[in-house]
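Here the structure is laid out as structure tokens; the discussion comes afterwards.
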Amino acid sequence: MIMAKMDVQGKEITVITREEDDYISLTDIAKYKNNNAPADIVKNWMRSRSTIEFLGLWEKLNNPAFKLVEFDQFKNDAGANYFVLSPQKWIETTNAIGLVSKSGRYGGTYAHKDIAFEFASWISVEFKLYLIKEFQRLKDDERKQLGWDIRRNLAKINYRIHTGAIKENLIPAELSKQQINNIYASEADVLNMALFGKTAKEWRDTNPDKKGNIRDYADICQLVCLSNLENLNAHFINDGLMQGERLVKLNKIAIQQMKLLTDDSGIKKLKDNGTDNKG
């Protein structure tokens, strides 16, 4: 889990990243209205029928495991004098993913940014606009830092690729004559064959239980190699090389680069850091 802080009109707002999605603390936002009882503010917001309908619609769009029967019961009761709903009960009963309830030092209720902005609008339209502006600034800063880190590490890695000695054991398999002679519909699949030894469709057919595509499951070494292959393929196309000839060259380059990258201590450190940050 990655955490960041924003200052919005003098209030410290916590942002966490879970599975690549940003969640903003509703508890922190609620302190803009009531610094002593933010949890009550969140519960009051969740008593509204319009809030329940909004939360339900968001879950329907983003969460295939959302429990619709339980949601309908909440929707029917919402707005009544007796209706009370906590974030924890909403999450546990409906299997919702848009809200997260945390305990401990940075505890409280967090919401996906879509939901957090809606809550902020309920608190104060002015506060919502400042929140959005500050959130965008935070993301811009993160992208700039990420871009710098990637460029710096790629420069180091490319230097090793261009000057380092090549190890003996092959990483990607060498392609067969039949694989080379096949006509691939997209340049993306040319690169997939060179590095992974299969097309995107072949990967999906052999991994029907996995979401996304073959590149979503690539490690940092493969992603670095893929970036280099994309640049080289563009040069080969400009030089007029036919697809089969390009594929042979790219496959040989992928083998060489992956042997080096998988034995690079700097890359291993990057991979370890990436694993640590995913918690």
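Values quoted throughout were computed directly from the atomic coordinates according to the rules given, and no laboratory measurement underlies them. A quick note: this is a predicted structure, and the numbers were derived from the prediction, not measured. Glycine gets a Cβ as well: all are built from the backbone with ideal geometry, and neighbour counts include every protein chain shown.
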Checking the a/c ratio against 1.5 first, then a/b against b/c, what shape does the Cα gyration tensor give for segment 22-86?
oblate
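So, with +1 on the Cβ of K and R and -1 on the Cβ of D and E, and no other charges, what is the size of the charge dipole of segment 2-141 about its Cα centre, to the nearest 20 debye?
On the way: 19 positive and 20 negative charges, 70 e Å.
It comes to approximately 340 debye.
Quote to one decimal, in nm, the extra length available between SER86 and ASP205 on full extension: 0.36 nm per residue of separation minus the C-alpha distance between them. It would help to have the intermediate numbers written out before the result.
Working: separation 119, 0.36 × 119 = 42.84 nm, distance 4.25 nm.
Result: 38.6 nm gained on full extension.
For the pair GLU230 and MET3, what calculated FRET efficiency results from E = 1/(1 + (r/R0)^6), where r is the Cβ-Cβ distance and R0 = 35 Å, to the nearest 0.05? Could you put the intermediate results ahead of the total?
On the way: r = 33 Å, r/R0 = 0.94.
So, using R0 = 35 Å, E works out to roughly 0.60.
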Average the reciprocal distances over every distinct pair of alpha-carbons in segment 1-142, invert the result, and give the Kirkwood radius in Å.
15.3 Å
Can you work out the FRET efficiency for the pair ALA218 and LEU68, with r the C-beta to C-beta distance and R0 = 35 Å, to the nearest 0.05?
0.50
Which FRET efficiency value, to the nearest 0.05, do you get for ASP114 and ALA37 by plugging their Cβ-Cβ distance into 1/(1 + (r/R0)^6) with R0 = 25 Å?
0.50
